[in-house]
1. What average number of partner chain Cβ atoms lie no more than 10 Å from the Cβ of the residues making up B:89-97?
2. In Å², rounded to the nearest 100, what is the total accessible surface buried by chains B and A against each other with a 1.4 Å probe?
3. Which residue fluctuates most in the GNM of chain A (Cα springs below 10 Å): A:Phe32, A:Phe64, A:Phe75?
4. Using 7 Å Cα-to-Cβ label points, what is the A:Leu41/A:Glu16 separation (nm, one decimal)?
5. Quote the FRET efficiency, to the nearest 0.05, computed for A:Leu23 versus B:Leu147 with a Förster distance R0 of 22 Å and r equal to the Cβ-Cβ distance.
6. Using only Cα atoms, locate the centre of segment B:94-153 and the centre of segment B:30-72, then give the distance between them in Å, rounded to an integer.
7. Would you work out which of A:Asn70, A:Gly35, A:Thr96 lies farthest towards the positive end of the dipole of chain A? Charges go on Cβ: Lys and Arg +1, Asp and Glu -1.
8. Averaged over A:55-63, how many beta carbons belonging to a partner chain fall within 10 Å of each residue's beta carbon?
Amino acid sequence: MARALINVPKTARRGEVIEIKTLFSHPMETGFRPGPNGQLLPRDIVNRFVCTYNGEEVFRAELFPAIAANPYLVFTTVATESGTIGLSWTDDGGNTQTESVTITVS
Amino acid sequence: MYGPSGVPTRRRVLAGAASLVSLALVRPGRAAEGQLTEALAGFAEGREIRRGRVKLDLVPLVENGNTVPLTVTVESPMTAEDHVAEIAIFNERNPQPDVARFHLGPRAGRASVSTRMRLATSQNVVAVARMADGSLWSDEAYAVVTLAACLEG
């Protein structure tokens, strides 16, 4: 399991625009880099990131090899209600890692 | 240029070969401009991309091309009728033109995304925003890269 650093405010006022910061540890191997034996290392990147808010998708990103290793993504969403914010990263092999944080909206 | 039997003369064959070789020696720069133009055309699907409303923040001098922070912000009320639906980022001289596609909507509240990209060499980066009504707006920034990405580490 890769490490995900997530920064989401624990509380927010209803209607407030909150900033979500994420950092996911992954080498994001581009497929253009030669390995020690001279052959190109195969591509292996996180190609998709989805953020859900109480189950509804609020942000989605398609990532390409030009994204730096350990993908850093910052975006915003409106704090509509208390609940769970889900963040998931999917790599080229179809493996998905999901993290959840709760937010209290008053 | 053709001999009596219709066969091309030696002079013509050599001239033809020379022009082929010069095509192969075209600097990567020319191919790169085509790569960016093609990628933008593919994203635009026939619509015009206008400059404005989008702000691409990219440092002009990059020490390490392996990790280059950038932020894209778009002026938009982000309401159901008027919001940014998608932000696409393209580059000019990496092996591939795509960098990222972000899908937003009214629930974003603000059209602002940040990430870090790789830059293989000094080049232009373009951010295009597709609005809810289909219109396209863009901003472009140039970065000089001291240490190229993709080649080591």
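1. Details: counts 3, 2, 2, 0, 0, 5, 5, 6, 2.
Average per residue, whole number: 3.
2. 2600 Å²
3. Between A:Phe32, A:Phe64, A:Phe75, it is A:Phe32 that shows the largest mean-square fluctuation.
4. Placing both labels 7 Å along Cα→Cβ, they lie 4.1 nm apart.
5. 0.50
6. 6 Å
7. A:Asn70
8. For this peptide, the per-residue mean of nearby foreign Cβ atoms is 5.
The values are calculated or read from the model by the stated rules, or taken from the named source; none is laboratory data. In this text, all values refer to a predicted model and were calculated from it rather than measured experimentally. Methodologically, a virtual Cβ is constructed for each residue, glycine included, from the backbone with ideal geometry; neighbour enumeration extends over all protein chains shown. Heads up: the accessible areas ignore ligands, DNA and RNA and are worked out on the full protein's heavy atoms, side chains in. Shrake-Rupley method; radii C 1.70, N 1.55, O 1.52, S 1.80 Å.
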